[in-house]
Amino acid sequence: MPSRSVSNIIYDDKLRQYVLGDGASVRSSRNTSQLRSFTQLMWLAFFANRLTQEKKSSTLRDVYYSSQAFEIDFENQSESDSIIVDLEAMLSRPREEFHIFPEERSAVFGDLDIEYTVPGYEGKRMNLSSHPDGYAVGPSLTSAELVETGAEIVIAIEKGGLFTRFIEEKVHSKFKAIIVDTGGQAPRSTRTLLRRLHDELGLPVIVLTDGDVYGEHIAMVIKSGSANAAHLRELTVPDAKWMGVWATDISKYKLPTIPMTESDIKRCHDLKRDPRYQKGIWKRELEEFLRIKRKAELEAFSKYGLTNITDKYLPAKLEEAKSH
């Protein structure tokens, strides 16, 4: 099976994402030290096969508890999650294709007609602007046909509160946008949807995050993936643009800030060693964070009024994005 060790994860400049190298590892029932993990992997393959055969879905948490019915010994969910990734690496397919999903926390809203393909709902259509809270990005929505849209752009936003604000301020109609709440670090189903919106509908993807190093990395994962999913494709939007909040925006817009923690500063230095952060705004903004040692949240724009972020900041940043 492909090795998932750190030494076998490389950045592919052509694909613009992390991938696994040529390294491989062997897991054998003949090796007593590997017998436990081998058994876990074989049980998971059996369980995933049963899910797909019966057209049932399971969460990562369900898998952990279901193993106990078969007396499969996982110490905790982290261990079962890791075995699921092993199966993905073996098959070169995401867990979603064998009906295992995380708990969903992201949502989408905008002028997009979809048609469901899941059993029991085949052929049913709806528009994603028909519910004022948006729609959860789950397996049914992620696998639906993207039929028609009047949107011209996708805005992925880190915060659920701002997602609601954007709906209230009719950002979807003012800017002809599909709005996606990533719920922090975007789950893989959300990254799959963003990829489909870009590839199938030709929509540019813009990412809006908090003004901190973790927000910058949220944008980078949408753009070029994560090392943890280096064994998978189709989870990235290489042409996505990080719109902000940039470190340089903190001074430019005189935003209220809080000090960066030691953890924030360490994260900055860690990312400076990542090949993806060696040029352009990615390098510039990391260096600015380290210079000012301050960070700001998206909600900081409320200092200038509740609608300032949609009335002033968003239009300015969209214009800036068009010129890059």
Residue set Arg50, Arg30; condition of a type in the set (Lys, Arg) and either more than 28 Å from Pro119 (Cα to Cα) or open to solvent by less than 80 Å² (accessible area, probe 1.4 Å) (or both); output residue Arg30
Please verify whether the stretch 279-289 includes one or more residues that are surrounded by fewer than 13 Cβ atoms within 10 Å (Cβ to Cβ) and on the phi > 0 side of the Ramachandran plot.
yes
Run Phe70 past the list (1) farther than 23 Å from Arg233 by Cβ; (2) under 23 Å from the mean Cα position of the chain (by Cα) and report the number of the one that doesn't hold.
(2)
Considering residues that are farther than 17 Å from Arg191 by Cβ and among the small types (Gly, Ala, Ser), the number found within the stretch 149-159 is 2
If I filter the stretch 95-110 for residues that are outside any loop (DSSP other than H, G, I, E, B) and surrounded by fewer than 16 Cβ atoms within 10 Å (Cβ to Cβ), do I get at least one hit?
yes
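Residues are listed down the side, and each one gets a yes or a no for (1) at pLDDT below 90; (2) touching a helix residue (DSSP H, G or I) at 6+ places or on another chain (Cβ under 8 Å); (3) within 14 Å of Arg196 (Cα to Cα):
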site: Val147; (1), (2), (3): no, no, yes
site: Gly150; (1), (2), (3): no, no, no
site: Lys170; (1), (2), (3): no, no, no
site: Phe175; (1), (2), (3): no, yes, no
site: Asp181; (1), (2), (3): no, yes, no
Residues in the stretch 109-125 that are among the hydrophobic types (A, V, I, L, M, F, W, C), modelled with pLDDT of 95 or more and out of contact with any Gly (no Cβ under 6 Å at 6 or more places or on another chain) total 2
Those residues of the stretch 33-47 which are open to solvent by less than 80 Å² (accessible area, probe 1.4 Å) and either closer than 15 Å to Glu96 by Cβ or part of a helix (DSSP H, G or I) (or both), in sequence order
Leu35, Ser37, Phe38, Thr39, Gln40, Leu41, Trp43, Leu44, Ala45, Phe47
Could you check Lys252 against (1) of a type outside the set (S, T, N, Q); (2) out of contact with any Pro (no Cβ under 7 Å at 6 or more places or on another chain); (3) open to solvent by 70 Å² or more (accessible area, probe 1.4 Å); (4) at pLDDT below 90 and say which number it fails?
(4)
Which listed residue, of Asp249, Asp212, is more than 30 Å from Ala24 (Cα to Cα) and either among the polar types (S, T, N, Q) or touching a Leu at 6+ places or on another chain (Cβ under 8 Å) (or both):
Asp249
Where in the stretch 160-246 are the helices (runs of 4 or more DSSP H), entirely inside, with at least 3 residues that are among the small types (Gly, Ala, Ser)?
213-224
Report every pair of residues separated by at least 6 positions or lying on different chains whose Cβ atoms are under 8 Å apart, first residue within the stretch 312-323 and under 14 Å from Lys174 (Cα atoms), second part of a helix (DSSP H, G or I) and open to solvent by 40 Å² or more (accessible area, probe 1.4 Å).
Lys312/Tyr304
If we keep only residues of the stretch 221-242 that are touching a Leu at 6+ places or on another chain (Cβ under 8 Å) and within 9 Å of Val207 (Cα to Cα), then the residue surrounded by the most Cβ atoms within 10 Å (Cβ to Cβ) is Ile222
Leading residue by the ranking (nearest to Glu122 (Cα to Cα)) among those in the stretch 63-78 that are touching a residue at least 24 places away in the same chain (Cβ under 8 Å) and buried (at least 16 other Cβ atoms within 10 Å of the Cβ)
Val63
Considering each of Ile157, Ile100, Ile83 in turn, give the residue that is modelled with pLDDT of 90 or more, closer than 30 Å to Gln68 by Cβ and not aromatic (Phe, Trp, Tyr).
Ile83
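The values are calculated or read from the model by the stated rules, or taken from the named source; none is laboratory data. Since this is a predicted model, take the numbers as computed values, not measurements. Heads up, the Cβs are rebuilt from the backbone with ideal geometry, glycines too, and the neighbour counts pull from every protein chain shown. What goes into the accessible areas is simple: the full protein's heavy atoms, side chains included, and nothing from ligands, DNA or RNA. Shrake-Rupley method; radii C 1.70, N 1.55, O 1.52, S 1.80 Å.
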